[in-house]
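Below: the structure, in structure tokens.
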Amino acid sequence: MRFTVLVGKISTPESEPSVFFETEELDSARAVAMRMAFDERNRVQVWDGKYDEPVVDFDSPRHRD
């Protein structure tokens, strides 16, 4: 899978975030990440496996190819 949504708890910053969702579509990853981020106790990150980097800008053409 290209995009991975990682979720961790803010109350345990030393712990590694775990894989919550994987998909080939950036829009799906964005939707899941946004839902998880509504809970202020969650620390959410979307990872782009193609470039091996976090997605910072969901509108960037780099992540849309």
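Pairs are defined by a Cβ separation below 8 Å, a sequence spacing of at least 6 or placement on different chains, a first member in region 6-27 that is closer than 19 Å to Val56 by Cα and free of Cβ contacts under 8 Å to residues at least 60 places away in the same chain, and a second member that is assigned to a helix (DSSP H, G or I) and β-branched (Val, Ile, Thr); the pairs so defined are Phe20/Val32; Phe21/Val32; Thr23/Val32. Only residues that are loosely packed, with under 11 Cβ neighbours inside 10 Å and free of Cβ contacts under 8 Å to residues at least 12 places away in the same chain were counted in region 28-45, giving 1.
Are any of the residues in region 10-24 at pLDDT 95 or above, open to solvent by 40 Å² or more (accessible area, probe 1.4 Å) and over 12 Å from the mean Cα position of the chain (by Cα)? Within region 10-24 (the criterion being at pLDDT 95 or above, open to solvent by 40 Å² or more (accessible area, probe 1.4 Å) and over 12 Å from the mean Cα position of the chain (by Cα)), the answer is yes, since at least one residue qualifies.
Consider Asp65 carefully, then state whether it is assigned to a loop (DSSP other than H, G, I, E, B) and either out of contact with any Ser or Thr (no Cβ under 9 Å at 6 or more places or on another chain) or surrounded by fewer than 18 Cβ atoms within 10 Å (Cβ to Cβ) (or both).
When the stated conditions are applied, Asp65 passes them.
Scanning region 46-61 for residues that are within 22 Å of Ser15 (Cβ to Cβ) and surrounded by fewer than 13 Cβ atoms within 10 Å (Cβ to Cβ) turns up Gly49, Asp52, Glu53, Pro54.
The values are calculated or read from the model by the stated rules, or taken from the named source; none is laboratory data. These figures come from a predicted structure and were not determined experimentally. Cβ atoms come from the backbone with ideal geometry, glycine included; neighbour counts cover every protein chain shown. Ligands, DNA and RNA are stripped out before the accessible areas are found, and what is left, the full protein with its side chains, is counted by its heavy atoms. Shrake-Rupley method; radii C 1.70, N 1.55, O 1.52, S 1.80 Å.
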